[in-house]
Amino acid sequence: MYNKIAIQITLVLILILFSFFFYKKYFSQITDLNQKEDSIENNITTEKINKNEKYNVLKDIKYTSKDSTGNIFEISSEEGKINLDEPKLILMKNVKAKIYLSDSSIIDIYSDSAIYNNINHNTNFRKNILLSHDSHRATCEKLDLLFDQNLVNLSEKLVYENDDTKLFADKMQIDLITKNSKILMLNKEKKVKIISK
């Protein structure tokens, strides 16, 4: 009689332990996932409330366009934000851009950030900008690529270099069709500084 009760108690304990481990393995993970999802939703909601603006965030994005003269423009970035109130503008971080000119030459542009207009493809690059084309190289803090005017404007801490020359100026303007450039100082009393290598 005592053996029968001992066996029943042992079976009930095994059943309870089995139920406990079964619950821990399958149901507690679902609870943890639900808690993580709630936490993520709270973070997103807080971010939207704090900024008072709504964004769609995109990772590893790339846009390609072609203008009427045959130039192809590619721009890519690690991250982009689209403001839902103004969806034509994409705020980009760690930006790389290439302009494949119709004569087969390539202009490379790198910057920390940019604002890209996906309607007219005009792009405003900002911070730590490097522009290179063949043996030409320019660094600056502000570069405006204006496709609707076929112009590139460089300014702020502008340094231009080629194989023979290094120059310092306030502003440079490059015509994408003729490839002519204008280099100038904003203050008429100052002159462009040119160093021959």
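Key figures
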{"read-out": "Ratio Rg/Rh, restricted to segment 55-196 and using Cα atoms, in which Rh is the Kirkwood radius", "value": "0.99"}
{"read-out": "Sequence of Val192, Val57 once ranked by neighbouring C-beta atoms within 10 Å, starting from the fewest", "value": "Val57, Val192"}
{"read-out": "Sparsely packed trypsin sites (Lys or Arg not before Pro) within segment 79-124, loop by DSSP, other Cβ within 10 Å at most 11", "value": "Lys88"}
{"read-out": "Set Lys81/Lys127; Lys66/Lys157; Lys142/Lys179 screened for pairs whose C-alpha atoms are more than 21 Å apart", "value": "Lys66/Lys157"}
{"read-out": "Computed label-point distance, nm, for sites Thr10 and Asn83 using a 7 Å Cα→Cβ extension", "value": "7.4"}
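Quick note: the coordinates plus some simple rules give every number you see, no bench work behind them. None of the values given here were measured: they were computed from a predicted structure. In this analysis, Cβ positions are derived from the backbone assuming ideal geometry, glycine residues included, and neighbour counts consider all displayed protein chains.
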